[in-house]
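Peer 1: Take a look at the following structure, please.
The values are calculated or read from the model by the stated rules, or taken from the named source; none is laboratory data. Note that this is a predicted model, so its numbers are computed, not measured. Neighbour counts are summed over all protein chains in view; Cβ atoms, including those assigned to glycine, are modelled from backbone coordinates with ideal geometry. Remember, those area values only see protein heavy atoms, side chains included, never the ligands or the DNA or RNA. Shrake-Rupley method; radii C 1.70, N 1.55, O 1.52, S 1.80 Å.
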Amino acid sequence: MDRATAASPPTLAERVLAVEDDPKAVRALGIEHATEMCRRLIAEDAPGIHFMTMDFSQVTTEIYRNLGLHAR
């Protein structure tokens, strides 16, 4: 997605732009942000969370671990 058309919270965009030349750091920020979003959804009693992995299923496993869940 083009930066000009991608929607994200401004603070997240700033954090990503600060490390945009470091793919590992960008990935870690994404996992951290997704984990926090999932924590909030769980705390607010969301009936479930659906992940679209786009061939990055390992990221979902890392989010599950961060949440203290067990990936199958």
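Peer 1: Can you find even one residue in the stretch 26-36 that is among the small types (G, A, S), touching a helix residue (DSSP H, G or I) at 6+ places or on another chain (Cβ under 6 Å), in a helix (DSSP H, G or I) and open to solvent by less than 80 Å² (accessible area, probe 1.4 Å)? Full working, then the answer.
Peer 2: Residues of the stretch 26-36 among the small types (G, A, S): 28, 30, 34.
Remaining after also requiring touching a helix residue (DSSP H, G or I) at 6+ places or on another chain (Cβ under 6 Å): 34.
Okay, now just the ones that are also in a helix (DSSP H, G or I), so 34.
Those left that are additionally open to solvent by less than 80 Å² (accessible area, probe 1.4 Å): 34.
Within the stretch 26-36, one or more residues are among the small types (G, A, S), touching a helix residue (DSSP H, G or I) at 6+ places or on another chain (Cβ under 6 Å), in a helix (DSSP H, G or I) and open to solvent by less than 80 Å² (accessible area, probe 1.4 Å).
Peer 1: Pairs only if they're at least six apart or on different chains, beta carbon under 8 angstrom, first in the stretch 21-41 and farther than 14 Å from R65 by Cβ, second part of a helix (DSSP H, G or I) and open to solvent by 50 Å² or more (accessible area, probe 1.4 Å); list them, first residue then second.
Peer 2: L29/R15
Peer 1: Residue under question is A46, and the condition is that it be out of contact with any His (no Cβ under 9 Å at 6 or more places or on another chain), open to solvent by less than 100 Å² (accessible area, probe 1.4 Å), small (G, A, S) and not in a helix (DSSP H, G or I); does it hold?
Peer 2: Details: out of contact with any His (no Cβ under 9 Å at 6 or more places or on another chain): yes; open to solvent by less than 100 Å² (accessible area, probe 1.4 Å): yes; small (G, A, S): yes; not in a helix (DSSP H, G or I): yes.
Spelling it out, A46 is indeed out of contact with any His (no Cβ under 9 Å at 6 or more places or on another chain), open to solvent by less than 100 Å² (accessible area, probe 1.4 Å), small (G, A, S) and not in a helix (DSSP H, G or I).
Peer 1: I would also like to ask the following. Collect the residues in the stretch 49-61 that are out of contact with any Lys or Arg (no Cβ under 9 Å at 6 or more places or on another chain) and not in a loop (DSSP other than H, G, I, E, B), keeping them in residue-number order.
Peer 2: S57, Q58, T60, T61, listed by residue number.
Peer 1: Report every pair of residues separated by at least 6 positions or lying on different chains whose Cβ atoms are under 9 Å apart, first residue within the stretch 51-63 and under 10 Å from I31 (Cβ atoms) and modelled with pLDDT of 90 or more, second open to solvent by 50 Å² or more (accessible area, probe 1.4 Å) and assigned to a helix (DSSP H, G or I).
Peer 2: Pairs that qualify, where the first residue is under 10 Å from I31 (Cβ atoms) and modelled with pLDDT of 90 or more and the partner is open to solvent by 50 Å² or more (accessible area, probe 1.4 Å) and assigned to a helix (DSSP H, G or I), are V59/R27.
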